[in-house]
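Asks: Following this message is one structure expressed as structure tokens.
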Amino acid sequence: MTRLIFLGPPGAGKGTQATLLSKFCQVPHISTGDILRSAVAEKTDLGQKAEAFMSAGELVPDELILDLILERLSQSDAVQGWILDGFPRNVPQAQFLDGLLEKISQPCEFVVNLDVPDEVLLSRLLSRGRQDDSEDVIRNRLVVYRQQTEPLIDFYRSRQQLVSVDGNQTVEVVTSELQKVVTA
Ligand code: AP5
């Protein structure tokens, strides 16, 4: 059973490592970014409301995200554990998650912050080329990260829940360090 939250700026490797670690731990990988991108592609109500925020590199409003997480964590496969990638993204989302996890008796075990310098993030994202990976939008995602998401590092550190991992290493080395964290 693993319940883990990934923190880290855009391009830190959250999605890459969450995919690998979810196989290793045999728990679902829950990415709010992936759920939102599918909703945009399928032109659902959620997708139509979220699209402009995502294209601009802004956070999608909490009222659209919180229901999505409530519904996803209530699904039967999440009883076995989960890896959250891209949620929580600000203090109100983290407070909501605290309340939800307490209500469903699923305490989070690990909060992992992937550290990567800005110049490496920019170069990784520019070479990936996702729809929101243009230079202007990446720079705005980094500003939004600093303002709204980075405060979560202290939020979780103050509860002795935070583990920092150097994300500026090869994918394999980062994976191996993460496997040590979850099996320690
Ligand atoms: P989201 O999909 O969460 O994007 P992000 O946080 O910007 O993260 P990325 O996917 O860009 O980076 P990552 O850290 O996952 O790195 P990855 O493994 O992909 O969110 C997108 C948008 O959705 C947001 O802007 C927002 O609008 C909305 N949203 C999502 N969640 C939300 C929420 N909770 N609240 C409100 N809005 C929300 O790797 C990046 C690249 O680097 C890849 O090409 C990869 O191959 C490469 N790479 C990875 N690791 C390494 C390595 N160790 N060495 C070299 N290259 C590497």
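The values are calculated or read from the model by the stated rules, or taken from the named source; none is laboratory data. Keep in mind the model is a prediction, meaning the values are calculated, not measured. When we count neighbours, we look across all protein chains shown, and the Cβ atoms used for this are built from the backbone with ideal geometry, even at glycine. Heads up: the accessible areas ignore ligands, DNA and RNA and are worked out on the full protein's heavy atoms, side chains in. Shrake-Rupley method; radii C 1.70, N 1.55, O 1.52, S 1.80 Å.
Asks: Out of everything in the stretch 89-104 that is within 12 Å of the ligand (Cβ to nearest atom) and farther than 11 Å from TYR156 by Cα, what residue ends up being most open to solvent (accessible area, probe 1.4 Å)?
Replies: The residue in question is ARG89.
Asks: Now a separate question. Just checking, how many residues over the stretch 161-175 are over 23 Å from LEU59 (Cβ atoms) and either modelled with pLDDT under 95 or open to solvent by less than 50 Å² (accessible area, probe 1.4 Å) (or both)?
Replies: Number satisfying all stated conditions: 4.
Asks: To continue, here is another question. Failed condition for GLU58, given (1) open to solvent by 50 Å² or more (accessible area, probe 1.4 Å); (2) closer than 20 Å to SER22 by Cβ, with all others met?
Replies: Unmet for GLU58, out of (1) open to solvent by 50 Å² or more (accessible area, probe 1.4 Å); (2) closer than 20 Å to SER22 by Cβ: (2).
Asks: Pick from VAL137, VAL143: which is within 14 Å of the ligand (Cβ to nearest atom), loosely packed, with under 15 Cβ neighbours inside 10 Å and either of a type in the set (A, V, I, L, M, F, W, C) or assigned to a strand (DSSP E or B) (or both)?
Replies: Selected residue: VAL143, the only one of VAL137, VAL143 that is within 14 Å of the ligand (Cβ to nearest atom), loosely packed, with under 15 Cβ neighbours inside 10 Å and either of a type in the set (A, V, I, L, M, F, W, C) or assigned to a strand (DSSP E or B) (or both).
Asks: Let me ask something else about it. For the stretch 61-85: of the residues being touching a residue at least 60 places away in the same chain (Cβ under 8 Å) and open to solvent by less than 10 Å² (accessible area, probe 1.4 Å), which is nearest to PRO151 (Cα to Cα)?
Replies: Initial filter on the stretch 61-85 (touching a residue at least 60 places away in the same chain (Cβ under 8 Å)): 80-85.
So of that shortlist, the ones also open to solvent by less than 10 Å² (accessible area, probe 1.4 Å) come out as 81-84.
On the way: GLY81: 25, TRP82: 23, ILE83: 20, LEU84: 17 Å.
Selected residue: LEU84.
Asks: Checking LEU178 against (1) in a helix (DSSP H, G or I); (2) open to solvent by 20 Å² or more (accessible area, probe 1.4 Å), which test does it fail?
Replies: (2)
Asks: OK, next. Based on what the data block shows, is PHE87 in a helix (DSSP H, G or I) and among the hydrophobic types (A, V, I, L, M, F, W, C)?
Replies: Answer is no for this residue.
Asks: Could you go through the stretch 105-115 and let me know if any residue there is open to solvent by 70 Å² or more (accessible area, probe 1.4 Å), part of a loop (DSSP other than H, G, I, E, B) and either within 12 Å of the ligand (Cβ to nearest atom) or not acidic (Asp, Glu) (or both).
Replies: Yes, the stretch 105-115 has at least one match.
Asks: Please list, ordered by residue number, the helices (runs of 4 or more DSSP H) wholly in the stretch 1-83 having 3 or more residues that are among the charged types (D, E, K, R) and more than 11 Å from the ligand (Cβ to nearest atom).
Replies: Values: elements: 14-25, 32-41, 45-56, 62-73.
In the stretch 1-83, 62-73 are the helices (runs of 4 or more DSSP H) which contain 3 or more residues that are among the charged types (D, E, K, R) and more than 11 Å from the ligand (Cβ to nearest atom).
Asks: Now for a separate question. For the stretch 148-160, indicate whether the set of residues that are charged (D, E, K, R), within 11 Å of the ligand (Cβ to nearest atom) and surrounded by fewer than 16 Cβ atoms within 10 Å (Cβ to Cβ) is non-empty. Don't jump to the end; show me each part of the working.
Replies: First, pick out the residues of the stretch 148-160 that are charged (D, E, K, R): 150, 154, 157, 159.
Remaining after also requiring within 11 Å of the ligand (Cβ to nearest atom): none.
No: the stretch 148-160 contains no residue that is charged (D, E, K, R), within 11 Å of the ligand (Cβ to nearest atom) and surrounded by fewer than 16 Cβ atoms within 10 Å (Cβ to Cβ).
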